[in-house]
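Structure first, then comments.
The values are calculated or read from the model by the stated rules, or taken from the named source; none is laboratory data. Keep in mind the model is a prediction, meaning the values are calculated, not measured. Note that we place each Cβ from the backbone using ideal geometry, even for glycine, and neighbour counts take in every protein chain shown.
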Amino acid sequence: MLTRTTVAAKRKYNVLDVKSAKKVATFWLQRAKLENAIEFGLPEVDDRYHIWRVPLLGKSSNERIGEVVIDAYTSLIIEDKSTTSDVLESRLLGRNGHKKTKAKKQNRTYVLSSLRNTIAQGDSEELLQELPAGSVNLIFTSPPYYNARPEYTDYVTYEEYLLKIRKIIQNARRVLAEGCFFVMNVSPVLVRRASRSEASRRIAVPFDMHRLFTEEGYDFIDDIIWEKPEGAGWATGRGRRFAADRNPLQYKPVPVTEYILVYRKHTDKLIDWNIRAHPEKETVEASKVGDGYDRTNIWRITPAHDQRHPAIFPVELAEKVIRYYSFKGDVVLDPFAGIGTVGKAATKLGRRFVLIEQNPKYVSIIREETKSWLGKEAKQVHTINCAPIDAENLLF
């Protein structure tokens, strides 16, 4: 007799079945002290988003009053997608159809970050949890490619890669200040064929990133196209076959663009609140963008190359993002810092930086580069899991 393999087992979820999903949800109900008033409907797995949905029913009415949403990979409750305990209590008491009381608006104020320039060595997923909540004003990064080059082979499956990025997007949301921006440079990747009998595979990474952002509590703002000079993508080999024989069906254009995806941490405040509520009006005035700004979402920028790192983005690109989406004095974070391009651009534009990088070789480069950005002030840079910067003997 053949045993059927479930979707959860194929995906290698930690939450494999209905029983496991109910067990996780039970702990959540016990924490909210509602286990005696609520029972479960039939949990369902949604493998598009890698979650379990557990319906919640009132014991006395047997009517659906909410749901618990569980991350199928980690078995953690996704709090912002689950029905809150306050709402559940209200529905249990029969208040759902009666006069609603307006929720008091939180008197949130614009708080300037006290975070120093920081260089941290380690895994962003973990280090982001150590940063103070609301201490970062802008995140700009370009995540590692998914196995597109020999240098990037850390992820066994594409699903594992997306899960890692999701966790970083998720943890970054806590450290972003009210209504601030997360900007990501990303592009489709080509997974080369293993043999002549196989086809290469092109993965539309930007569209999966968009799904992760919207699911993790960000609002989509803009898609900007970074256009490189013609011929910049010829080294990929894409398009050479068609150029040789011109047979239909084999047409593949040479890629010369990447996406700059712009998201804002979800808030009920409009963007101009961040401008009006800023406590330093002179800083807002000094941060205004001058003439010659980009009027369309096509940015034409020449790629950068550095023998010390296989995939850096140009300083000009970082400068544009920082200038358009932050004020002077703000804190700019790059969770995949590489050799520190974002830090260099942030310093030049009068911002502070937080650079997180896992590779010790790149961290060493950042520490040295910081001396040229800040001079003797580099010794004031806060370091995590790496040695302090020695800037005593610099000639400035």
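A few comments on the model shown:
- Residues located in the range 39-70, provided they are without any contact (Cβ under 8 Å) to a residue 24 or more places away in the chain and either under 21 Å from L212 (Cα atoms) or among the aromatic types (F, W, Y) (or both): F40, E44, D46, R48, R53, E67, V69
- Scan of the range 345-380 for residues that are within 21 Å of G329 (Cβ to Cβ) and assigned to a strand (DSSP E or B), ordered by number: R352, F353, V354, L355, I356
- The set of residues from the range 232-290 being at pLDDT below 90, of a type in the set (G, A, S) and either part of a helix (DSSP H, G or I) or exposed (fewer than 15 other Cβ atoms within 10 Å of the Cβ) (or both) comprises A235, G237, A243, A244.
- Residue in the range 156-169 that is at pLDDT below 90, not in a helix (DSSP H, G or I) and not assigned by TED's automatic domain parsing to the domain that holds P55 present: yes
- Of all residues in the range 71-93, those that are free of Cβ contacts under 8 Å to residues at least 12 places away in the same chain and either assigned to a helix (DSSP H, G or I) or touching an Asp or Glu at 6+ places or on another chain (Cβ under 9 Å) (or both) total 3.
- Residues being out of contact with any His (no Cβ under 7 Å at 6 or more places or on another chain) and either surrounded by 15 or more Cβ atoms within 10 Å (Cβ to Cβ) or assigned to a strand (DSSP E or B) (or both) - total across the range 208-219: 7
- Residue within the range 34-52 that is part of a helix (DSSP H, G or I), more than 23 Å from L176 (Cβ to Cβ) and either at pLDDT 85 or above or hydroxyl-bearing (S, T, Y) (or both) present: no
- Test: residue in the range 329-346 that is of a type outside the set (V, I, T) and surrounded by fewer than 16 Cβ atoms within 10 Å (Cβ to Cβ): no
- Subset of the range 79-92 (residues that are crowded, with 19+ Cβ neighbours inside 10 Å and modelled with pLDDT of 85 or more): S82, L88
- Set K12, K23, K19: member being surrounded by fewer than 16 Cβ atoms within 10 Å (Cβ to Cβ) and not in a helix (DSSP H, G or I): K12
- Residues located in the range 32-44, provided they are touching a strand residue (DSSP E or B) at 6+ places or on another chain (Cβ under 9 Å) and loosely packed, with under 13 Cβ neighbours inside 10 Å: L42
- Screening S114 against (1) modelled with pLDDT of 90 or more; (2) among the hydroxyl-bearing types (S, T, Y); (3) within 30 Å of K281 (Cα to Cα) leaves a single unmet condition, (1).
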